[in-house]
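Below is a structure I'd like to ask you about.
The values are calculated or read from the model by the stated rules, or taken from the named source; none is laboratory data. Quick caveat, the model's predicted, so the values are computed rather than measured. Neighbour counts run over all protein chains shown; Cβ positions are idealised from the backbone, glycine included. Note: areas computed on protein heavy atoms with side chains; ligands, DNA, RNA excluded. Shrake-Rupley method; radii C 1.70, N 1.55, O 1.52, S 1.80 Å.
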Amino acid sequence: MLRVGLTGGIGSGKTEVARRLAERGAVVIDADRLAREVVEPGTAGLAAVVAEFGADVLAPDGRLDRARLGEIVFADADRLARLNAIVHPRVAERTAELMAAAPEDAIVVYDVPLLVENDLGREYDVVVVVDAPDDLRVGRVVANRGMGEEQARARIRAQASREERLAAADVVVDNSGTVADLDARVAEVWAGLAARAGAGSSAS
């Protein structure tokens, strides 16, 4: 099994890269999706979030109001750390279950936004970073997520810097160009991962 950590800041296009890798045969574990699962209504995770942040972070239907919670935590590093302390251990437990269920010869891509922030690179055989200039990322977030420019910049400031991510990368996917450019780069990356996985398999 080849364990690949895939990361990139908000608006980098990491999700698009993950989707393309899945189409080529990767087993993709989406940390954002797991982070939503562990705070679904009725979970211990949601109860812990409400105990920490109050019932104001709940929507009328009893689900977590992620936008409201985001406004709170992305403006306050200490509160963000408290949220992470609730969510991250639960995501890690679920991730371990999914990795254990993957085929032994799989290329498992763990799509995790905070890989660099949480110093998780050593857990993976390869770290792939999706990169784009900050201003381009802000424009994408404003256009695609309905977020204001300052809110988008606050999200970027709350994450690792572009330089920190690039320093942690084994492989960089430049996503500052066209869709065709991205397709071509992902094809190159997949070929490299498949070759590495095959070499590891033959060595064993």
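Looking at (1) open to solvent by 50 Å² or more (accessible area, probe 1.4 Å); (2) touching a helix residue (DSSP H, G or I) at 6+ places or on another chain (Cβ under 9 Å), which is the only condition R157 fails?
Status for R157: all satisfied but (2).
Here's a check for you: in segment 64-84, which residue that is open to solvent by 70 Å² or more (accessible area, probe 1.4 Å) and either among the aromatic types (F, W, Y) or in a helix (DSSP H, G or I) (or both) is nearest to E37 (Cα to Cα)? Explain how you work it out, then say what you get.
So the first thing to find is which residues in segment 64-84 are open to solvent by 70 Å² or more (accessible area, probe 1.4 Å), and the list is 66, 68, 71, 75, 77-78, 82.
Next cut, either among the aromatic types (F, W, Y) or in a helix (DSSP H, G or I) (or both) only: 66, 68, 71, 77-78, 82.
Numbers: R66: 13, R68: 18, E71: 20, A77: 23, D78: 23, R82: 18 Å.
Once the filter is applied, the top-ranked residue is R66.
Restricting attention to segment 152-183, which residues are without any contact (Cβ under 8 Å) to a residue 12 or more places away in the chain and outside any loop (DSSP other than H, G, I, E, B)?
The first filter runs over segment 152-183 and keeps only residues without any contact (Cβ under 8 Å) to a residue 12 or more places away in the chain, leaving 157, 161, 163, 167, 177-181.
Listed by number, the residues that qualify are R157, E163, A167, V179, A180, D181.
Just name the residue that is farthest from the chain's Cα centre (by Cα) out of those in segment 29-46 that are part of a helix (DSSP H, G or I) and closer than 25 Å to M1 by Cβ. Full working, then the answer.
Quick first cut of segment 29-46, residues part of a helix (DSSP H, G or I) only: 31-37, 44-46.
If we keep only those that are closer than 25 Å to M1 by Cβ too, we end up with 31-35, 37.
Details: A31: 5, D32: 6, R33: 9, L34: 10, A35: 10, E37: 14 Å.
Looking at residues that are part of a helix (DSSP H, G or I) and closer than 25 Å to M1 by Cβ, I get E37.
Being part of a helix (DSSP H, G or I), among the β-branched types (V, I, T) and surrounded by fewer than 19 Cβ atoms within 10 Å (Cβ to Cβ) narrows it down to one residue among V142, V186; which is it?
Details: V186 fails: surrounded by fewer than 19 Cβ atoms within 10 Å (Cβ to Cβ).
Selected residue: V142, the only one of V142, V186 that is part of a helix (DSSP H, G or I), among the β-branched types (V, I, T) and surrounded by fewer than 19 Cβ atoms within 10 Å (Cβ to Cβ).
Mind listing whichever residues of segment 47-66 are in contact (Cβ under 8 Å) with a residue 24 or more places away in the chain, within 16 Å of A85 (Cα to Cα) and of a type outside the set (D, E, K, R)?
The answer is A48, V49, F53.
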